[in-house]
Amino acid sequence: MSWQGKGKTAIVGIGYSELSRRPQKSLGALSLDACRAALDDAGLPAEQVDGLATFPEAPFHGAGTQDGEQIVSVEYVMNHLPLAPDIRWYAQIETGLIASAVIEGVNALLAEACEYVLVWRALHNPRGRYGAWSGNRAPGDAQFMAPYGCTSIFQWHAMAWQRYMHRYGATRDHLATFVTNSRRNANLNPNAYFYTTPMTREDYFAARWIAEPLCLFDCDIPVEGCVALVLTTAERAVDRRHPPAYIAGYGQNTSRRRALFHYSLDNYMESGHSLASKLWASSDLRPQDMSAAELYDGFSPSTLYWLEAAGFCGQGEAYSFIQDGRIALEGELPVNTFGGSLSEGRLHGMGHIAEAVMQVTDRAEKRQVPSASAVCAIDGSPMLRGSGLVITREP
Amino acid sequence: MAATQEKPRPLIDDLTRPFWEAAREHRLVIQRCQDCRYFNHPPRSVCNACHSAALTFEPVSGRGTIYSFSVMYQPNVAGFGDELPYLNILVELEEQPQIFLVSNLSEVQREQVRIGGQVEVYFEDVDAELTLPKFRLIA
Ligand SMILES: [Zn+2]
């Protein structure tokens with residue numbers, strides 16, 4: 001039996017700000033651009049919005065949290081848009097990434113706490129070296145890593161991928177297929193940072209190392225900008241400007257971790273499965289029912305882990321599964337049809353949700369998967385935290 | 001141009017002090033639950049396995065295997081610029097699965113490092129206040 005909320009809420013508008021490395025506008029102004037664009041896309045006056053949700057986390061530890069400049073909070077949007085005079089509900093979440101904010105919005109709508117929810121994800125691109133460690137005293141768990149020069153999330157992803165390659169026999173050549181496929185899709189996505197920049201396999205192999213075995217193009221491209229969406233109930237969704245994209249199911253990563261150090265590869269299957277099993281149970285759909293999969297790619301291997309943990313292929317099989325055009329737009333399971341965070345830009349999963357909406361409403365233009373009926377969007381990394389949605393054409 | 005920057009140092013707190021004080025004496029100790037015998041690292045106030053608060057530090061052998069490794073090319077961390085690219089290893093101690101310490105692996109060629117490689121602890125005295133446990137390959 002599927003979840004009783006299946007198909008009872010829908011995303012009815014998507015808005016992008018400009019995505020660039022060094023914008024002229026503040027992050028706050030870009031976020032208002034995205035919110036206004038989402039409302040316009042929905043054909044909804046701002047004063048009807050009575051619910052707000054976001055995941056405002058800074059892009060990395062120590063990146064700054066000045067509201068309107070480095071993050072964009074609920075309070076900022078509440079104070080800078082002519083929304084309903086009485087905001088009835090809001091949530092500013094700290095875990096699970098942006099799909100969790102959408103999930104909160106869905107629950108609020110089902111509980112009749114509000115009627116129209118605006119959800120946004122604003123991402124700042126700090127000046128200076130991305131992810132640089134600034135302190136000379138390392139507190140908490142970092143005291144066991146920073147003195148050894150191991151402070152960045154990409155170093156942990158590099159070690160997890162090294163372990164994966166060792167365990168299953170994957171190589172850099174396999175990963176190149178995924179990264180170049182994402183770039184090909186981004187070249188069909190006008191919102192993408194790399195819209196006009198193609199990438200060959202040779203380009204991929206020529207990229208500099210960041211933390212071996214991960215190179216520059218295995219890391220998502222940090223941008224500054226915002227994507228917003230409008231969520232409402234299925235009844236209210238029908239007379240909007242575009243067809244609704246229904247929320248068929250959702251899930252969050254809820255596994256318990258024994259190991260305390262950052263994370264290792266060993267629990268990615270059970271951990272990712274804790275999210276995916278809820279996705280499939282709530283939506284009453286299976287991996288085979290997905291017309292496409294938008295799977296988080298903060299670092300390229302994460303998408304491979306998700307393919308396995310969500311059941312699109314078996315454990316240790318993702319690197320071979322993605323070969324031979326299987327995940328291309330024309331393939332049996334198109335993956336990251338918009339280019340992903342690797343090639344559209346680092347939006348912490350919001351781009352994945354926006355693309356799932358575009359696909360099931362036939363609005364993906366040159367990258368449209370024909371008659372896409374159901375698309376999943378999963379945020380995060382299976383070893384860490386995450387949340388996901390199944391988005392469908394029909395309720 | 002500033003002189004070589006100092007590397008990050010641990011901000012030692014009540015939970016972690018026994019680890020660092022033992023390191024000063026060239027001993028490797030890991031916090032262990034006295035109820036279920038689970039090793040917790042980094043140290044915690046409550047056992048991650050059974051949620052007991054009966055936690056004390058016990059000596060460990062200092063031997064382990066390389067669970068994984070990476071080679072860092074980015075000058076993200078102060079004081080490491082002159083050492084780029086440098087190796088980081090994740091050591092799984094022999095006492096318990098999934099109990100990890102991070103280390104560098106100095107004076108070792110990238111080609112000599114492999115997952116599963118055996119390592120043992122040694123102690124690098126940084127100055128009068130700080131000693132870092134590090135690991136080296138066992139021949
Ligand atoms: Zn215990």
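The values are calculated or read from the model by the stated rules, or taken from the named source; none is laboratory data. Note that the structure is predicted; figures quoted are calculated from it, not measured. Glycine also receives a Cβ, built like all others from the backbone with ideal geometry; neighbour counts cover every protein chain displayed. Ligands, DNA and RNA are excluded from the accessible area calculation, which covers all protein heavy atoms including side chains. Shrake-Rupley method; radii C 1.70, N 1.55, O 1.52, S 1.80 Å.
Annotations for the structure displayed:
- The calculated FRET efficiency for the pair B:TYR122 and A:THR200, based on their C-beta separation and a Förster distance of 51 Å, comes to about 0.65.
- GNM flexibility winner over chain A from A:THR177, A:THR54, A:THR303 (Cα, springs under 10 Å): A:THR177
- Within chain B, longest stretch free of exposed GluC sites (Glu not before Pro) [DSSP loop, at most 11 other beta carbons within 10 Å]: B:26-106
- Comparing B:HIS41, B:HIS26, B:HIS51 in a Gaussian network model of chain B (Cα springs below 10 Å), the most mobile by mean-square fluctuation is B:HIS51.
- Of the Cα atoms belonging to the stretch A:69-227, the radius of gyration and Dmax stand at 20.3, 58 Å.
- Springs between Cα atoms under 10 Å define the GNM used for chain B, and in it the highest mean-square fluctuation of B:PRO59, B:PRO42, B:PRO97 occurs at B:PRO97.
- Rg then Dmax, both in Å and based on the Cα atoms of chain B: 16.0, 54.
- With R₀ fixed at 25 Å, the C-beta to C-beta distance from B:SER52 to A:THR95 puts the FRET efficiency at about 0.45.
- Each Lys and Arg contributes +1 and each Asp and Glu -1, all at the Cβ; summed about the Cα centre of the stretch B:3-119, the dipole is approximately 140 debye.
- When the P(r) of the stretch A:176-321 is calculated, the portion above 18 Å amounts to 68% of the C-alpha pairs.
- Inter-chain Cβ neighbour average for residues B:101-112, partner chain, 10 Å: 2
- Placing +1 on each Lys and Arg Cβ and -1 on each Asp and Glu Cβ, with no other charges, gives the stretch A:186-287 a dipole about its Cα centre of roughly 380 debye.
- Placing +1 on the Cβ of every Lys and Arg and -1 on the Cβ of every Asp and Glu, with no other charges, gives the stretch B:61-139 a dipole of roughly 360 debye about its Cα centre.
- At 1.567 mPa s and 4 °C, Stokes D of the stretch A:20-90 from Kirkwood alpha-carbon radius, µm² per second: 99 µm²/s
- For the stretch B:14-60, convex hull volume per residue from C-alpha positions, Å³: 56 Å³
- Taking Cβ separations below 4.7 Å as the criterion for a possible disulfide partner, the isolated cysteines in the protein assembly as shown are A:CYS35, A:CYS114, A:CYS150, A:CYS215, A:CYS219, A:CYS226, A:CYS313, A:CYS376.
- Solvent exposure ordering (accessible area, 1.4 Å, most first) of A:HIS242, A:HIS61: A:HIS61, A:HIS242
- Computed extension gain for A:ALA207 through A:SER26, at 0.36 nm per residue and net of the alpha carbon distance, reaches 62.1 nm.
- Efficiency of FRET between A:ASP67 and A:ARG184 - r from beta-carbon atoms, R0 45 angstrom, step 0.05: 0.75
- Cα gyration tensor shape for the stretch B:61-139, rounded if a/c is under 1.5, else prolate or oblate: oblate
- Most to least packed among A:138-144, A:197-203, A:341-347 [average Cβ atoms within 10 Å]: A:341-347, A:138-144, A:197-203
- Viscosity 0.692 mPa s, 37 °C: Kirkwood-radius Stokes-Einstein D of the protein assembly as shown over Cα pairs, µm²/s: 136 µm²/s
- Loop-located GluC sites (Glu not before Pro) in the stretch A:288-326, at most 12 other Cβ atoms within 10 Å (DSSP): none
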